[in-house]
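The structure under discussion appears below in the form of structure tokens.
Nothing in this text is a laboratory measurement; each read-out follows from the coordinates by a stated rule. This structure is a prediction, so every number in the text was calculated from the model and none was measured. Because the Cβ atoms are built from the backbone with ideal geometry, glycine has one as well, and the counts that use them run over all protein chains shown.
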């Protein structure tokens, strides 16, 4: 194995603990890696505006793979280095379909999040940690008609995220119908970021592709890359990296694909993995 030169870190369930914070131990190991000349980057399903800017300030993290690989950003300047957005002809009919369902939906365009007034009632019913719900509320612009807004503003959708709430019997409302509808579309790539979540980007676009593109831009061979994650939307980047690391709290599918399993996100798993491979 070649010396690690690039480390990609997922946020939720990986770098973040369960309260949405980055532990001091994780920060220290990130800083140590950067001092060794290693490029440590964020790899997330979140848009650029949803990055934890204050928490990563002074850590040396300069780049972010956002919206499941569909957009790469230079963090300090906010410059978009690469984008692979969904085609309007593909995404607008999907949005119109989604608006007939009782689910919460977000569209990420130009690094920002947008949601429709029609999905706010579903958002209030979501079974998510308080820190995550607060993040969602604070980083979304609410618009009357999502499809119309995107068309009228000539926005390009980098990714869409759908969150499902439970009915009285504990079943996720509309999830199976929506999943079947999305999976039948060859023009999109559908992944799961959690048990009550579905996300989609353009076909062929995922975190693994984002890692390859960023490594190319930084002139770092893929043989010198490492990625750490915990859920299905991290599977592509764990498989693409030379060293794929699963968190102790990762799904079984992610653990099976990883070369190494570290501790959980509440036990400084990121710090332990970085130290293990860069000591």
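Rounded to the nearest 5, what % of DSSP beta bridges with both residues in region 1-140 are antiparallel? Antiparallel: roughly 65 percent of the beta bridges in region 1-140.
Counting only DSSP beta bridges whose two residues both lie in the chain, roughly 60 percent are antiparallel. Modelled this way, with points 7 Å down the Cα-to-C-beta line, the labels at residue 217 and residue 130 are 3.7 nm from one another.
Measuring r between the beta carbons of residue 275 and residue 77 and using R0 = 35 Å, the FRET efficiency lands at 0.70. A simple spin-label model places pseudo-atoms 7 Å from Cα toward Cβ; at residue 166 and residue 261 they are separated by 2.6 nm. Taking Cα atoms only, the orientation of helix 88-98 departs from the longest principal axis of the chain by about 70 degrees.
Taking the Cα centroid of region 91-139 and of region 207-244, what is the distance between the two, rounded to the nearest whole Å? After rounding, the separation between the Cα centres reads 28 Å.
When restricted to Cα atoms, region 177-279 yields an Rg and a Dmax of 14.7, 48 Å, respectively. Antiparallel beta bridges, as assigned by DSSP with both residues in region 88-202, represent about 85 percent of the total such bridges. Treating the angle as unsigned and between 0 and 90°, give the value, to the nearest 10°, between the Cα long axis of helix 207-217 and the longest Cα principal axis of the chain. Taking Cα atoms only, the helix is inclined about 50 degrees. Counting Cα-Cα pairs of region 168-234 in 5 Å increments starting at 0 gives whole-percent bin shares of 3, 14, 20, 18, 16, 12, 8, 5, 3, 1, 0. The alpha carbon convex hull volume per residue for region 24-128 rounds to 121 Å³. Compared with the dominant principal axis of the Cα atoms in the chain, helix 269-278 is inclined by about 40°. An oblate overall shape is assigned to region 88-202, the ratio a/c of its alpha-carbon gyration tensor axes (a ≥ b ≥ c) being 1.5 or greater and a/b not exceeding b/c. Helical content alone sets the calculated 222 nm signal of the chain at -8500 deg cm²/dmol, taking -39,500 (n - 2.57) per DSSP H segment of four or more residues and averaging over every residue.
For residue 179 and residue 151, the difference between the fully extended length at 0.36 nm per residue and the C-alpha to C-alpha distance is 7.6 nm. A straight chain from residue 121 to residue 102 at 0.36 nm per residue would run longer than the Cα-Cα distance by 6.0 nm.
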